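A quick write-up on the structure given underneath.
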Ligand code: C2O
Ligand code: CU
């Protein structure tokens, strides 16, 4: 592996990694794509095929991708609380890993693989495993996952993506990711924007070369930062909106890039949900910081605009520090504009947003820090040119924590280094952020989370619940290049 040279986190924002310049089109040429839907709300078994597809990521240029059902994002899976889903995934990717369909500019020490494993990010399951990175299966085979959607699983925007050991980053980059939307009666009773007014937005930056191939330049495992910002697999799309409210489920599906979102008129929108679903109450904000793998649900009201108005979803200031709110907008940066909303004269969804959404407590209760069985410390760092947790890299045979089933614990996540940022994600559990040192709490972070952003010199204390399943799970950085090399550990919930 190449030694990692210390630079400031994600400062390489103006250009793509490795000096690449993608053949971008001017923004807002393509229409927003809405992924196909697979409705599993009645509990049927579902089947998805991982295969090569072709997509116009940049308008007019065809790019080979890897996608579930050949599209990226993959189909949006709709699920219902209390109704389990059996999901069979078929690996129909080329057995040789399809190296001719991606450009890997430097010798990164790993080849293009084709073994896959599917993890439903945020899932609470143990059967037969939750998409643990070691349980990959080869081209030509299939595997059935079980997603219980039980009491512990709050209705939320989850996402399924590839998790193959040492290859997650490349495979998610190629397109193996999709939304999983879990709902229940409360969601319906609340009368939030639904149907065409409930839209998933998966943001991901990529690099594309002149021939249309994806370029996987992950800069010595620091992470790929591209100069093409995509939403739902299209470069900077435009979306025609009715005059009314929309519920957007925002997912940062990028390898490494963070987004600090704002509307071009600097107006207020409402955060209504975080990784694990609706917040107790909407939180008004003008800025939304979204780190890789985080989901935030927001309501934007377009009723206040005249027909013909264009509102741009901007990405303000590309620096790792959690800066003050008066973030800079630099239109010269190719990553500063994410997508556009074009307001039409059509009347949309105009009901008010309820003042109360979903309480933090649910049938499983809210754990209190006083009842936590113990505290564990986790340091996310580097040593000898590898990403590390508590000074060590991932080892398949090693388990670093054995929490007891039925207890809760406080986990203290520490980023001791000034230059790097890490979004930390433990599998299985959802957590509440108790406190943060080194940065303020951001909008949406008061809800249930499964990923917490550790900025430079940040410490986060979170309350973890081990309520449901015994078994072995991973925790890792969700800069997936960091995860692959090798900022990942295992914990085992024991009886
Ligand atoms: Cu998005 Cu290990 O997960
Ligand atoms: Cu990291």
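The values are calculated or read from the model by the stated rules, or taken from the named source; none is laboratory data. Note that this is a predicted model, so its numbers are computed, not measured. Note: ideal-geometry Cβ built from the backbone for every residue, glycine included; neighbour counts use all protein chains shown.
Filtering the stretch 136-164 to residues that are within 16 Å of ligand 1 (Cβ to nearest atom), closer than 20 Å to residue 450 by Cβ and over 17 Å from the mean Cα position of the chain (by Cα) leaves 145, 147, 153. Could you check, for the stretch 438-447, whether at least one of its residues is within 12 Å of ligand 2 (Cβ to nearest atom) and over 23 Å from residue 272 (Cα atoms)? Looking through the stretch 438-447, none of the residues is within 12 Å of ligand 2 (Cβ to nearest atom) and over 23 Å from residue 272 (Cα atoms). Reported count of residues in the stretch 463-484, each being in a strand (DSSP E or B) and away from ligand 1 (no atom under 16 Å from the Cβ), is 3.
Okay, residues lined up against (1) assigned to a strand (DSSP E or B); (2) farther than 30 Å from residue 404 by Cβ; (3) within 20 Å of the chain's Cα centre (by Cα):
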site	(1), (2), (3)
272	yes, yes, yes
280	yes, no, no
330	no, yes, no
354	no, yes, no
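Filter the stretch 384-394 for residues that are in a loop (DSSP other than H, G, I, E, B) and either touching a strand residue (DSSP E or B) at 6+ places or on another chain (Cβ under 7 Å) or under 20 Å from residue 470 (Cα atoms) (or both) and give the result.
Pass one, the stretch 384-394, residues in a loop (DSSP other than H, G, I, E, B): 384-385, 390-391, 393-394.
The answer is 390, 391, 393, 394.
Screening the candidates 288, 251 for the property of being within 30 Å of residue 170 (Cα to Cα) and surrounded by fewer than 24 Cβ atoms within 10 Å (Cβ to Cβ) yields one hit, 288.
Where strands (runs of 3 or more DSSP E) fall wholly inside the stretch 56-97, the ranges with 1 or more residues that are over 24 Å from residue 114 (Cβ atoms) and out of contact with any helix residue (DSSP H, G or I) (no Cβ under 6 Å at 6 or more places or on another chain) are 74-80, 85-91. Scanning the stretch 409-420 finds one or more residues that are at pLDDT 95 or above, more than 16 Å from ligand 1 (Cβ to nearest atom), surrounded by fewer than 20 Cβ atoms within 10 Å (Cβ to Cβ) and closer than 25 Å to residue 125 by Cβ. Return yes or no: is residue 381 part of a strand (DSSP E or B), out of contact with any helix residue (DSSP H, G or I) (no Cβ under 9 Å at 6 or more places or on another chain), within 16 Å of ligand 2 (Cβ to nearest atom) and free of Cβ contacts under 8 Å to residues at least 40 places away in the same chain? So residue 381 fits the description; yes. With within 16 Å of ligand 2 (Cβ to nearest atom) and not assigned by TED's automatic domain parsing to the domain that holds residue 121 as the only criterion, which of 433, 424, 410, 353 stands out? The match here is 424. Can you name the residue in the stretch 445-461 that is away from ligand 1 (no atom under 16 Å from the Cβ) and in a strand (DSSP E or B) and, of all such residues, is farthest from residue 153 (Cα to Cα)? Once the filter is applied, the top-ranked residue is 459.
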